[in-house]
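The values are calculated or read from the model by the stated rules, or taken from the named source; none is laboratory data. Bear in mind that the values here come from a model prediction, so they are computed numbers and not experimental data. All Cβ positions, even for glycine, are placed from backbone atoms using ideal geometry, and neighbour counts span all protein chains on display. We work out accessible area using only protein heavy atoms, side chains counted, and drop any ligands, DNA or RNA first. Shrake-Rupley method; radii C 1.70, N 1.55, O 1.52, S 1.80 Å.
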Amino acid sequence: MVLKLKITPAIYLVGFMGCGKSSVGRALAEELGWSFIDLDEDIETCAGAPIAHIFDTEGEANFRALETEALKKRVQIARSGQPQVISLGGGAFTMEQNIELVLNHGVTVWLDAPFDVIERRIAQETHRPLARDPVRMKTLFDQRSGAYARADYRIETGEDGPAAIVSRILALPLFTP
Ligand code: S3P
C-alpha cells in the first residue's frame with residue numbers, strides 16, 4: 001500500500017454530480033473490506049434534513065459549511081486508522097480548504113464522466129438542487145474540471161458501470177507493497 005494510504009487509509013472519490021461516486025464507492029469499499037461513506041448522507045444525518053431542504057431553507061453557503069464540517073470529521077476518523085472509501089458531493093472538492101484537507105490525508109480519485117453521460121443520468125433524478133437548471137449545470141461542469149484535476153488520479157469513466165471502474169481503481173499503483 002502507498003505511504004499516503006498507510007498514514008491515512010482513506011480513498012476519496014471526487015467528480016461532478018452523476019459521475020458514479022456513490023455506486024463506485026460502495027462497490028470499491030466492498031471489494032476492499034473498508035467502510036463506505038457518502039458525505040451527503042453524513043450531512044443529511046447531521047442536519048436532520050435532505051440536502052435539497054438545506055439548500056432551500058438555509059442557502060448554499062450554509063450547506064458548504066456543513067459539508068466542510070462533515071468532511072473534517074471523516075478525515076479525523078480515517079486518521080485514527082479506520083479505512084474508509086468516502087464519496088464527496090460534487091462541490092466538496094472545489095473549495096480550497098477541502099481540497100487541501102483531503103489531498104493531505106489519503107488518496108483522491110476523480111471519476112471523470114463526459115457531460116452527456118452525466119446529463120442523461122441526472123435527468124431522471126430530482127433531488128439535486130444545482131441540477132435544476134441545465135445551463136447552470138453545464139457552466140458548473142466546465143468551471144469545476146480544473147479543481148477535480150488536482151486529484152491524485154483521474155479515471156475517464158465513459159459510460160462504464162461501477163464494476164469496471166472499480167477494477168480500474170484497484171489497478172492503480174495504490175496497493176502494491
Ligand atoms: C452538489 C452535489 C451533490 C450534493 C449537493 C451539491 C454539487 O452531491 O452535495 O447537491 O455542488 O455539485 P452529488 O455529487 O453526490 O450529487
Within the stretch 125-157, restricting attention to residues that are within 23 Å of residue 29 (Cβ to Cβ) and modelled with pLDDT under 95, which residue is most open to solvent (accessible area, probe 1.4 Å)?
-> 127
For the stretch 1-102, which helices (runs of 4 or more DSSP H) that fit wholly inside it have 1 or more residues that are small (Gly, Ala, Ser) and within 23 Å of residue 174 (Cβ to Cβ)?
-> 21-32, 60-79
What number of residues within the stretch 61-74 are within 13 Å of the ligand (Cβ to nearest atom) and either in contact (Cβ under 8 Å) with a residue 12 or more places away in the chain or touching an Asp or Glu at 6+ places or on another chain (Cβ under 8 Å) (or both)?
-> 7
Over the stretch 100-122, the set of residues closer than 18 Å to residue 142 by Cα and either within 15 Å of the ligand (Cβ to nearest atom) or touching a residue at least 60 places away in the same chain (Cβ under 8 Å) (or both) is 110, 111, 112, 113, 115, 117, 118, 119, 120, 121, 122
Run residue 22 past the list (1) within 10 Å of the ligand (Cβ to nearest atom); (2) under 22 Å from residue 138 (Cα atoms); (3) free of Cβ contacts under 8 Å to residues at least 12 places away in the same chain and report the number of the one that doesn't hold.
-> (3)
Residue among 66, 39 that is at negative phi and touching a Cys at 6+ places or on another chain (Cβ under 8 Å) = 66
